[in-house]
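Please read the structure below before turning to the comments.
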Amino acid sequence: MSMCGGWSDIKLFDPEVKRICFEVRPMIEKMVGTDFKIFIPLVWSSQVVAGTNYMFKVLVDVDGDGVCVHALIFQPLPCSEKELSVMKIQCHKSIDDPLIPPEHLQK
């Protein structure tokens, strides 16, 4: 278990987190500027804040290249009545690149 404000260990996707990942797929595709031929969630990590930050590693295929996208997602608290948002993406990552949160979010 992670400490409050710290990032969790890297985990495989469970059904709930996979649902979140697929919900933000159109936003990620818009930020990248293309529709992915494949979109396979691989691993994730989370950080509890005033809501939850997620880092997702997703295998995508743009031009037959089979690269990964790392996405930082913010899920606000339910009482805020706000939507999920994609805060940042990193494109053209290899499957072996570690999933590392942005520096300003590391504790």
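The values are calculated or read from the model by the stated rules, or taken from the named source; none is laboratory data. Predicted model only: the values in this text are computed from it and were never measured. Cβ coordinates were reconstructed from backbone atoms using ideal geometry, including for glycine residues, and neighbour counts include every protein chain displayed. Note: accessible area is taken over every heavy atom of the protein model, side chains too, but ligands, DNA and RNA are not part of it. Shrake-Rupley method; radii C 1.70, N 1.55, O 1.52, S 1.80 Å.
Points to keep in mind about this one:
- Value at 222 nm in deg cm²/dmol, rounded to 500, when DSSP H runs of n ≥ 4 in the chain each add -39,500 (n - 2.57): -4500 deg cm²/dmol
- Point-charge dipole on Cβ atoms (K/R +1, D/E -1) for the chain, about Cα centre, debye to 20: 200 debye
- In this structure the amide hydrogen of Leu42, modeled in the peptide plane, comes within under 5 Å of the amide hydrogens of Lys57, Val58, Leu59, none closer than 5 places in sequence on its chain.
- FRET efficiency, Ile100 to Met31 (Cβ-Cβ, R0 22 Å, nearest 0.05): 0.70
- Virtual paramagnetic centre 7 Å along Cα→Cβ of Asp61, amide N under 11 Å, in the range 9-51: 37-40
- For the range 85-94, the Karplus equation 6.51 cos²θ - 1.76 cosθ + 1.60, evaluated at θ = phi - 60°, returns couplings of 9, 8, 8, 7, 10, 10, 9, 6, 8, 7 Hz by residue, with Gly and Pro reported as x.
- Note on the chain: GNM, Cα springs under 10 Å; of Cys68, Cys21, Cys79, the largest mean-square fluctuation is that of Cys79.
- From phi via Karplus (6.51, -1.76, 1.60), per-residue ³J(HN,Hα) for the range 41-50 in Hz, x at Gly/Pro: x, 9, 9, 8, 9, 9, 9, 7, 10, 7
- Residues considered: Gln90, Gln75, Gln47. Largest GNM mean-square fluctuation over the chain, using C-alpha springs under 10 Å, is found at Gln90.
- Efficiency of FRET between Ile10 and Lys88 - r from beta-carbon atoms, R0 22 angstrom, step 0.05: 0.80
- Total charge dipole magnitude, the range 1-55, about the Cα centre, Cβ charges on Lys, Arg, Asp, Glu only, Debye to nearest 20: 100 debye
- In the range 31-86, Cα pairs under 8 Å separated by at least six residues give a relative contact order of 28 percent.
- Near Val67, the amide H atoms lying under 5 Å from its own belong to Val60, Val62; only residues 5 or more places off or on other chains count, and H is placed 1.01 Å from N.
- Near Lys18, once Lys and Arg are set to +1 and Asp and Glu to -1 for all other residues with Cβ below 15 Å from its Cβ, the sum equals +1.
- Solvent exposure of the range 26-107 as accessible area per residue, Å², 1.4 Å probe: 56 Å²
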